[in-house]
1. Could you check, for segment B:187-205, whether at least one of its residues is part of a loop (DSSP other than H, G, I, E, B), surrounded by fewer than 23 Cβ atoms within 10 Å (Cβ to Cβ) and either of a type in the set (A, V, I, L, M, F, W, C) or at pLDDT 95 or above (or both)?
2. For A:Thr508, are the conditions met, namely being buried (at least 23 other Cβ atoms within 10 Å of the Cβ) and of a type in the set (Val, Ile, Thr)?
3. Can you pull out every residue in segment B:393-428 that is of a type in the set (D, E, K, R) and either within 14 Å of another protein chain (Cβ to nearest Cβ) or within 19 Å of B:Ala469 (Cβ to Cβ) (or both)?
4. Which one of these does B:Lys106 not meet: (1) basic (Lys, Arg); (2) touching an Asp or Glu at 6+ places or on another chain (Cβ under 8 Å); (3) closer than 19 Å to B:Lys43 by Cα?
5. Please list, ordered by first then second residue, the pairs with beta carbon atoms under 6 Å, 6 or more apart or interchain, first in segment B:633-650 and within 8 Å of chain A (Cβ to nearest Cβ), second buried (at least 18 other Cβ atoms within 10 Å of the Cβ) and modelled with pLDDT under 95.
6. For the condition within 14 Å of chain A (Cβ to nearest Cβ) and either among the small types (Gly, Ala, Ser) or farther than 30 Å from B:Ala436 by Cα (or both), what is the one hit in B:Ser62, B:Ser80?
7. For segment B:468-505, which residues satisfy the criterion of being surrounded by fewer than 18 Cβ atoms within 10 Å (Cβ to Cβ), of a type in the set (D, E, K, R) and assigned to a helix (DSSP H, G or I)?
8. Given the options B:Lys656, B:Lys669, name the one that is out of contact with any helix residue (DSSP H, G or I) (no Cβ under 6 Å at 6 or more places or on another chain), at pLDDT 95 or above and of a type outside the set (Ser, Thr, Tyr).
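The values are calculated or read from the model by the stated rules, or taken from the named source; none is laboratory data. Values in this document were obtained by computation on a predicted structure and should not be read as measured data. We place every Cβ from the backbone using ideal geometry, glycine too, and count neighbours over all the protein chains shown.
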There are 2 protein chains.
Amino acid sequence: MRRLIAAICFAIAAFASPVLAEDGYDLWLRYHPVEAAYAAQYKPHATAIIGGDTPILASAKSELKRGLDGLLAQDTPIVSQPVDGAIVLQTGDTNLPEDGFRIGAKTLDGHPVTVISARTDQGALYGAFRLLREIQTRAALTDISDAPKIKLRVIDHWDNLNGSVERGYAGTSIFDWWRLPDLVDPRLTDYARAEASIGVNGVVLNNVNAKADSLTAPYLQKTEAIAKVFRPWGIKVYLSARWTAPIELGGLKTADPLDPAVQAWWNAKADEIYALIPDFGGFLVKANSEGEPGPGDYGRNHAQGANMLAAALKPHGGIVMWRAFVYSEHDANDRAKQAYNEFKPVEGQFADNVLLQIKNGAIDFQPREPFHPLFGAMPKTNEMLEVQITKEYLGQGTHLVYQGPLYEETLKADTYAEGKGSTVAKIIDGALDHHALTGMAGVSNVGDDRNWTGHDFSQADWYAFGRLAWDPDASSRDIATDWVKMTFSDDPAFVKPVVDMMMASRETAANYMTPLGLAHQMATGHHYGPGPWVCDLARPEWNPCYYAKADAKGIGFDRTKTGSDALAQYAPAAAKQWADPKRMDERYLLWFHHLPWDYKVKSGRTLWNELVTDYDIGAKQAAQMQQTWAAMKPYVDPERFAAVSANLSIQAREAKWWRDASIAYFQSKSGLPLPTGIAPPEHDLDYYKSLQFPYAPGH
Amino acid sequence: MRRLIAAICFAIAAFASPVLAEDGYDLWLRYHPVEAAYAAQYKPHATAIIGGDTPILASAKSELKRGLDGLLAQDTPIVSQPVDGAIVLQTGDTNLPEDGFRIGAKTLDGHPVTVISARTDQGALYGAFRLLREIQTRAALTDISDAPKIKLRVIDHWDNLNGSVERGYAGTSIFDWWRLPDLVDPRLTDYARAEASIGVNGVVLNNVNAKADSLTAPYLQKTEAIAKVFRPWGIKVYLSARWTAPIELGGLKTADPLDPAVQAWWNAKADEIYALIPDFGGFLVKANSEGEPGPGDYGRNHAQGANMLAAALKPHGGIVMWRAFVYSEHDANDRAKQAYNEFKPVEGQFADNVLLQIKNGAIDFQPREPFHPLFGAMPKTNEMLEVQITKEYLGQGTHLVYQGPLYEETLKADTYAEGKGSTVAKIIDGALDHHALTGMAGVSNVGDDRNWTGHDFSQADWYAFGRLAWDPDASSRDIATDWVKMTFSDDPAFVKPVVDMMMASRETAANYMTPLGLAHQMATGHHYGPGPWVCDLARPEWNPCYYAKADAKGIGFDRTKTGSDALAQYAPAAAKQWADPKRMDERYLLWFHHLPWDYKVKSGRTLWNELVTDYDIGAKQAAQMQQTWAAMKPYVDPERFAAVSANLSIQAREAKWWRDASIAYFQSKSGLPLPTGIAPPEHDLDYYKSLQFPYAPGH
């Protein structure tokens, strides 16, 4: 009988509404029913949901219900009195760290229940998502304690007020500024759910290349409408602030941070914002960088600028995230050195509600960079890490390149700032220098594409960012494994090869784009595809040729004492690992050293042969991913299988293009023959130079 | 037992997957189960589906199955042998017109069945959609015969290759040119279904302000990928052609249509296209208009230009749609007259595979315009109608303005070209002058917003376009009624007030934007909101003041003999209806006449008082729509109810803004007091003039 009913139900469910294609919208919160054996195991511990009625606890209960209903194919009641097997949200546990939680079996009024206890509502929300993750990944239900190690876990949207997204490859902005505040897209709630599920507690709504308009009254109303959606999910809104807003909006003659009228304008603006949004997070600022205005325009330094804004926000509990991504158009120095040179002198001068937001590397989100020399160099300053989730330099919207290992590589990098073990993770989580205000920011890859991130696998970068901002010591492989299970399938025949493919993908991309520590070889402007030959732009550091410095004799950027000596910005023990080309990780070789083409690398090959071989391997690895994925067909819905297949085919083609164009260009410099067995580029160099992409997205 | 099973099934269906919010994606193809009494009535006549296996018949069968499965909550088998109650697709009936169909009861091999018979596969597809519509609208199943009256039913996408949509208010383009041809969004199939369901059989993929790139080999591959999706739904793809492509792509020195090398280039390009896309539809061309290049640059006329392209397409069966929307930057003449002046002299000179595509009015998609004087003026020319579905001048993405009545007004307008009854409908369906090549085009309002058109009610404009292109004599009220039933609910308590609201909405918009025949009073560039004061642009006809000609004495554009005499471009009997301000439909009054402020209109009021009253009524009507909709809450899902409510609130606010700004401006001209009972504008004129909208969409 039961089977019959099930069969009838299936028929009715299948036909009562059109069959829904998998479109990736559900992300990792895809609560499809678990297998019967697992359901039998979990159901006795998920008979009901109990919890308070604050906005955030209401979110936690609704998410638990949504998740359990789906995963266990049941109608989970939300009740007010304990029953056997209930899940109980309890807050106010002052033994727990803020926003941490503990999940464990308890007896309540004589009933065996599972308690998610937390100090704060937000902690309980995170506990609820964690419990669901355990079921999604088919884990045995055991006691769990967890808490975020980093205080501010922030997503930066480079979204413009006209709806475009700078370096966005997944459609336009999810923030419909035009129709806000009247029309609030229900999608924003799903966005908040996704962010909360990975522990994100702050979102910067607008591009760091900011418009003053976002600080006008009408736009603050729009921001307030978004804040209202985010608040029940424990997420604060932040805005990128345009430095010259007091001039553009306030009619002042100056934006000098030491001018009392300027300070007064920002104070009044902060009052206005907080009257509307009492839990407003604060400002993100890109100042005196790439043409943006800043305190430097008035002869003031970054600390003077940041502190002026910080003073306006301080009474309201707000903070300033001040970006360290600066390079001067008047500084002929190695671009990799400039941020350090500007910020190191103001160490100790930043207000306590300022964080210095530092990119993972000193150039700009390359496939591989050594960690930024500012990490560990300013122990008195709140240093936070900025990584890019969107893949401006990593294949953009169409390449499968899982960035978890890249983030992990940065976080685990040892700065040696205070001896061995002074990892970037320990600096940004505050452990090394005992900072309470800590943070990690990721530049969003989210757009209004149905699957949020354009490429289905780019969801994993978003997910990994959140997990690593929560726990910077986590393993990117473990995270990938969870993501694959939650997003696609927990079948080991699927999980293992797909996670392996993901974990290898970043090295693959580094191989076909910028092997051996090369950087910034992308075409200019849109950064799509190879452009190593570009050498005619106004500023030297805008040119790919500036970074590779390839000529007839050799290749690489000498950042040792004989060159720019950027190495000297690192702690001696850190610098030492890269000082000797013979004794270093060769994946950073040409970042630090200019070497002759016939230099012998560890493999025994010449540098030239090694470089060409790496390009060749990268292209082959990219092509191989197609085979790996093709074998996964039985485990994936046809829609996502087809979309990923299509993107992998683009990636394989473009990896070959990268290989061929790069080899053609560098061969024009080295004049050397290709190693045996390496096929020549498909076209000549002029062909690759002739390619133009006026419609490349994201620019 | 049955009830029990149903209850269990409901529970399982509800919890096995998250409850899906209504998001408008399904459009009017929302196949939710009909009420039990109706199901009982239809089910005996929908027991199975039978039909051939050509690509288009496969589409028809799959759509029938999808529709019947949903509407009747059953699993409808697709079978090969007749059974009682089957629906049978039969083609090859040469008694029927091309693409027409007949639906009726028959006996087949002893089985009572419903036969959808047609001459062509496409006719059968249309019959399938029609049968589904009958069930969706709860019609009694009777015999039906129908056939399209117009041959080319075409949607024009003003979509750019970078993904933006000119005059688009529903997100970015559904055509992801960047990731095509590898990645083909499954959404394109749903788009093709929607178009086919309303009889559309052609889609122009790119903006009339065209880039030559769309004619390059890589972009033709992308177009081919789209054609492959559209073909099984009976839809041909067309491209907008850039006149100077032979120069830009072919390296020629000229694009002179009489130059043999130019003709040869286009011939070769046509060969290249048809080798890839054998059923390619042809070209749409905007030439010598608003800065676009054209044959006029070489001293050639439009016919010489169009015919050169037509010659290239002719061997392949392709056609040219040549736009009549031209006005010269060197012609000081009334803009409303210029198209006629340019085209009338080349009457009889166009090749037989050219259609002249004429906008409904002589200016540009205004809330109300008299029909274009070219209609009926060129009986030897294939004249097709172009209407705008997107609402550039009708509230854009946020106003509920149903355009069915606007289209109907144009189609039913009598040109008197060959005596009474020479309606625009009869001209464009070929009846009047016995043309076989006929067409109607609509400028798309579709974007990648989840609900396709941004505003849920803007779906109705798309739907009405298709229905009227199929049958230009149809009633826009009947169409609205079908749409409301198919899209929302067939409950009479919902259908009647909502259809009434839709039918009144266009007059409402005309009242609050441009009453009494005013036109083009929108702000410049983005055309968002009022800008009647704008009078300083380089070209006179770019200025709203050019169209209203308001001064201290009066208002209106004199197009009679004492003015531009645009009236003389109409047939005398048509002109007569507008010649005398005292004896005309006053909704066209100021389009044709400049009158003193104290002129007495039919109501007995002065022109000034009438104008102000109309603005006031328009704003009140817009506000009233909110009340109407609020009462509909019980009949609508919460998601679409909220979205429409939000848009209506924007509309009410903006209608008041239009009213206030317009009254403030015209009062600054007339110097007259407001009529009794009319509230003064909320702000002074300077306030309205000061408003700036740099992020207005669609521009």
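1. From segment B:187-205, those part of a loop (DSSP other than H, G, I, E, B) are B:198-201, B:205; that's our starting set.
Checking which are surrounded by fewer than 23 Cβ atoms within 10 Å (Cβ to Cβ) leaves us with none.
No, that holds for no residue.
2. Working: buried (at least 23 other Cβ atoms within 10 Å of the Cβ): yes; of a type in the set (Val, Ile, Thr): yes.
Judged against the criteria, A:Thr508 is a match.
3. Just the residues of segment B:393-428 that are of a type in the set (D, E, K, R), to begin with: B:408-409, B:412, B:414, B:418, B:420, B:426.
B:Glu408, B:Glu409, B:Lys412, B:Lys426, listed by residue number.
4. (2)
5. Cβ pairs passing all conditions: B:Glu639/B:Glu22.
6. On the way: B:Ser80 fails: within 14 Å of chain A (Cβ to nearest Cβ).
Answer to the check: B:Ser62.
7. Residues satisfying the conditions are B:Arg477, B:Asp478, B:Lys496, B:Asp500.
8. Numbers: B:Lys656 fails: out of contact with any helix residue (DSSP H, G or I) (no Cβ under 6 Å at 6 or more places or on another chain).
Going through B:Lys656, B:Lys669 in turn, just one is out of contact with any helix residue (DSSP H, G or I) (no Cβ under 6 Å at 6 or more places or on another chain), at pLDDT 95 or above and of a type outside the set (Ser, Thr, Tyr): B:Lys669.
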